[in-house]
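A short worksheet on the structure shown next.
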Amino acid sequence: MQNLKQNKKNVVLISVGVLTLLLTIIGATYAYFAADLGGGTNANINASTGTTDSLTFDAGDPIKIHASLENFAEGMESLKGNTTATATLKANNTTNQASGKYNIFFIIDDNDFVYSTEDGQAELLLKVTDPNGKEVEEITGLKRVENGFDITTRTGGFLILADYEIETTSTIEQTWNIEVTLVNLDANQNVNNGKSFHGKFYITTEQLNTYETAKINSVETNTTYNSITANLNTMAGSSEIDKYYYAIEEDTSAVALLGFSNGILRTSSIAAKELNYIESDEPTHTFDNLKPNTSYKVYSYAKDKEGINSNVYKTSITTDEYALPKVTGLTHTSELYKITVTATSERGSNEVSKYYFSKDNGVTWSEGQESPTYVFDNLLDTTTYNIKVKVSDTENKYSTEYYEAIATSTYINPSITTVNSTTTYNSMQLTVVATKGTK
């Protein structure tokens with residue numbers, strides 16, 4: 001038993017899995033712009049196995065920047081935000097030796113900023129400092145400018161460093177420093193008012209040249225008077241899509257997007273509010289109980305199995321107008337003291353539910369009934385009545401009134417039209433021809 005224990009002590013296994021590191025850039029400000037910082041959701045991740053060797057990462061918050069008119073004035077200094085993330089490796093207490101490698105990516109999963117100036121001056125700048133205090137000078141896919149990397153219009157995953165080594169005989173911490181600047185160009189940057197940026201960092205031991213985020217390319221919508229169905233056209237990236245998220249709000253000009261915070265999209269208006277996203281396993285979702293003929297903003301994004309978000313796709317869509325039912329025609333039968341009418345109708349947004357009839361041009365109405373046929377009786381003969389018909393649907397919405405003037409029959413007296421006679425020497429036979437009256 002002692003030998004078995006000794007053998008177990010001689011086994012050294014270092015294993016690191018795929019880990020996600022979200023780093024927060026505290027909001028940056030310049031002329032016309034504001035940045036928002038939300039709370040993070042990632043906890044520290046322990047990648048240890050059966051030994052006491054472990055590799056952990058202290059994950060920060062995602063980057064959330066939003067351009068706003070609310071809190072900034074022309075001429076203010078650019079505001080820089082800094083945050084750190086720490087990788088910690090602890091060696092087992094038997095060999096006191098542990099080592100490994102990891103790759104670091106910066107992932108921009110939502111960015112709708114554009115260049116404000118004709119010469120395309122950088123407005124969003126990224127700086128990364130490694131654990132040795134050295135600024136990273138080259139990032140594949142990003143352009144190096146005077147004060148960092150230009151990420152003004154960039155989206156996707158960018159490899160910061162590959163196969164970064166970490167080793168220790170006890171415990172070691174490697175701290176990465178991140179700085180993002182939203183630059184005040186002292187120029188008119190109103191074109192970016194209301195624009196948003198969302199990014200995060202990702203660490204993995206897998207050999208990846210780049211990390212492709214999932215993408216929502218378009219959203220097809222189907223509408224009714226009280227519903228909107230969003231059908232996402234998506235494309236998976238380096239990892240398969242795991243979940244889909246949907247939110248909706250009435251489309252008003254005062255509302256602006258801020259970014260994610262704990263799965264909630266923050267917005268800015270006179271009274272700030274939050275959009276609660278609905279999580280789904282399907283790339284389609286229906287919002288119901290909406291208002292007819294109303295404009296809505298629909299938001300959607302996807303999240304892959306590594307917890308990386310796609311771009312946020314925003315679209316405006318208007319629900320249909322409410323279609324009322326209508327009466328399309330009327331047939332009738334007139335008698336001496338009554339009129340029988342039968343209405344024909346068409347549904348609108350909902351089925352026809354009840355029929356209503358009036359003989360006095362809409363002054364009084366019959367109670368609603370399901371039958372389209374109605375008998376007006378106890379009428380006067382030889383009299384014209386102003387017949388009106390309307391219908392209601394299952395939502396108690398009424399059609400317009402259908403009008404038709406209909407007269408009762410006229411009383412006709414019987415009459416003798418001709419008398420024929422036949423005579424003999426001692427008799428006369430009369431034959432009377434008469435016209436029948438009403439009765």
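The values are calculated or read from the model by the stated rules, or taken from the named source; none is laboratory data. Since the model is a prediction, treat every value here as computed from it, not as a measurement. Cβ sites come from the backbone with ideal geometry, for glycine too, and all protein chains shown count toward neighbours. All accessible areas refer to the heavy atoms of the entire protein, side chains included, with ligands and DNA or RNA removed. Shrake-Rupley method; radii C 1.70, N 1.55, O 1.52, S 1.80 Å.
Annotations for the structure displayed:
- Meeting the requirement of 3 or more residues that are open to solvent by 10 Å² or more (accessible area, probe 1.4 Å), the strands (runs of 3 or more DSSP E) wholly within segment 84-199 are 98-111, 124-129, 143-145, 156-168, 171-182.
- Pairs linking a residue in segment 222-233 that is farther than 17 Å from Lys314 by Cβ and of a type in the set (Gly, Ala, Ser) to a residue that is at pLDDT 95 or above and open to solvent by 40 Å² or more (accessible area, probe 1.4 Å), with Cβ atoms under 7 Å and 6 or more positions apart or on different chains, are Ser227/Thr286; Ser227/Asp288.
- Matching entry among Lys195, Lys215, Lys127 (being among the basic types (Lys, Arg) and at pLDDT below 90): Lys195
- Here Gly81 passes the criteria (1) at pLDDT below 75; (2) outside any strand (DSSP E or B) except the one numbered (2).
- Criterion: surrounded by fewer than 21 Cβ atoms within 10 Å (Cβ to Cβ), farther than 30 Å from Asn147 by Cβ, of a type in the set (Gly, Ala, Ser) and at pLDDT below 80 - qualifying residue of Ser227, Ser269: Ser269
- Listed by first and then second residue, the pairs linking a residue in segment 386-410 that is within 21 Å of Phe376 (Cβ to Cβ) to a residue that is assigned to a loop (DSSP other than H, G, I, E, B) and of a type in the set (Asp, Glu), with Cβ atoms under 8 Å apart and 6 or more places separating them unless they lie on different chains, are Lys388/Glu401; Val389/Glu401; Lys390/Glu401; Thr408/Glu335; Thr408/Asp381; Ser409/Glu335; Ser409/Asp381; Thr410/Asp381.
- Looking only at segment 383-439, residues that are of a type in the set (Ser, Thr, Tyr) and modelled with pLDDT of 75 or more come to 16 in all.
- Criterion violated by Ser366 - all others in (1) under 42 Å from the mean Cα position of the chain (by Cα); (2) surrounded by 13 or more Cβ atoms within 10 Å (Cβ to Cβ) satisfied: (1)
- Annotation note: Cβ proximity below 8 Å between a residue of segment 124-149 that is free of Cβ contacts under 8 Å to residues at least 24 places away in the same chain and a residue that is in a loop (DSSP other than H, G, I, E, B) and open to solvent by less than 100 Å² (accessible area, probe 1.4 Å) (sequence gap 6+ or interchain) occurs for Leu142/Ile151; Leu142/Arg154; Val145/Ala122.
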